[in-house]
Amino acid sequence: MTMSFSLPLVKMQSLHKSYGPHVQVLKGLDIEMKPGERVVVIGPSGGGKSTLLRVMMGLEKIDSGSITFGGKPYISSEGLNKKTVIDPEVRRSIGMVFQHYTLFPHLTVLQNLILAPCKVRGEKKSSAIQRADALLERFGLAAKASAFPAQLSGGQKQRVAIARALMLDPKLMLFDEVTSALDPELVAEVEQVILQLAGQDMPMMIVTHDMWFAKNIASRVIFCAGGVVVEDGPPEQVLGAPKEERTREFIDRVFHIRQ
Ligand SMILES: Nc1ncnc2c1ncn2[C@@H]1O[C@H](COP(=O)(O)OP(=O)(O)O)[C@@H](O)[C@H]1O
Ligand SMILES: [Mg+2]
């Protein structure tokens, strides 16, 4: 018998976010994520998926709403002037990888990996190097430790970016279209690394347009459009037999073309 009771890892309540007075992107978003869940977020371009992940990462302010992490307040907007308040300790426990490469170009792969642990956490260099070597080995990048980002393929860069995020022992990983800028033949090697993490029960929130990947990585799929959650359920439902007309239209348009 399985216990169905578990506290949410992340609870977003009524998130509102706009850019300036005219671009309202999140219009009361509610998402609850349980520990160990892998949530794939799909939705139309410009619908606010990146904004959502950037808010989660503390990179964007919110207009109103709140996010708790592990049951504790993480982000809220408070006071008359609606100041966004963020718990920096929680923020440090979330890792993110973006669509476009964000490695430091003047540092080697190994230096990219150990920079934050040494600088931010005060970890000893020898210990950080040891952990970095182990991660690079695991991701098939051991031979690239002293290469510079410009010497790597796009797929290698994204795997390094994932390894770099893992160096800070995140409790949640956010992936924003991490394979969208890659040549098709490099997509699989990056997705394999993320699937490997999934096998170790890393909670993650993933934005992707890759149907195969979405099906294989998701424990849950959320379709967001118009700044709200339109449909939320297991991948078989949301991707395979959506209940909402808007989800169905989107899936037909974006995904079925490639099947
Ligand atoms: N920094 C910004 N300033 C102004 N508008 C922005 C900014 N970032 C995103 N937007 C706008 O917000 C909307 C949502 O963008 P985004 O979150 O990137 O959507 P998605 O990732 O789903 O494509 C779009 O209309 C986009 O043009
Ligand atoms: Mg985006």
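The values are calculated or read from the model by the stated rules, or taken from the named source; none is laboratory data. Quantities reported herein were computed from a predicted structural model and do not represent experimental measurements. Cβ coordinates were reconstructed from backbone atoms using ideal geometry, including for glycine residues, and neighbour counts include every protein chain displayed. These accessible areas exclude ligands, DNA and RNA; they are computed on the full protein's heavy atoms, side chains included. Shrake-Rupley method; radii C 1.70, N 1.55, O 1.52, S 1.80 Å.
Here are the numbers for this structure:
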quantity: Mean ellipticity per residue at 222 nm, deg cm²/dmol - from DSSP H runs of n ≥ 4 across the chain, formula -39500 (n - 2.57); calculated: -10000 deg cm²/dmol
quantity: Tensor-based shape of the range 145-259 (alpha-carbon gyration tensor, a/c under 1.5 rounded, otherwise prolate or oblate); calculated: prolate
quantity: Cα-only Debye scattering, the range 59-155: base-10 log of I(q)/I(0) at q = 0.20 Å⁻¹; calculated: -1.01
quantity: Bridge type composition, the chain - antiparallel percent by DSSP, nearest 5; calculated: 60
quantity: Whole-number percent relative contact order across the range 1-151, with pairs defined as alpha carbons under 8 Å at least 6 apart; calculated: 17
quantity: Acute angle (nearest 10 degrees) that the helix 154-166 long axis makes with the longest principal axis of the chain, alpha-carbon atoms; calculated: 80
quantity: For the chain, accessible area per residue (1.4 Å probe, heavy atoms of protein chains only), Å²; calculated: 49
quantity: Packing rank of 177-185, 36-44, 155-163, where each peptide gets the mean count of other beta carbons within 10 Å, highest leading; calculated: 155-163, 36-44, 177-185
quantity: The range 161-259 - percent relative contact order, Cα under 8 Å, separation 6 or more; calculated: 20
quantity: Contact order normalised by residue count of the chain, Cα under 8 Å, 6+ apart, percent; calculated: 24
quantity: Most mobile of ALA225, ALA198, ALA143 in a GNM of the chain (Cα contacts under 10 Å); calculated: ALA143
quantity: Accessible surface of the range 59-138, 1.4 Å probe, proportion on carbon and sulfur as whole %; calculated: 56
quantity: The chain: most fluctuating residue of VAL85, VAL238, VAL23 per GNM, C-alpha cutoff 10 Å; calculated: VAL23
quantity: Volume in Å³ per residue [convex hull over Cα atoms, computed for the chain]; calculated: 153
quantity: Percent carbon-and-sulfur accessible area, the range 143-259, ignoring ligands, DNA and RNA, probe 1.4 Å; calculated: 50
quantity: Spatially proximal lysines relative to LYS11 (Cα-Cα < 29 Å; intrachain offsets below 8 disregarded); calculated: LYS27, LYS34, LYS49, LYS61, LYS72, LYS82, LYS83, LYS171, LYS215, LYS243
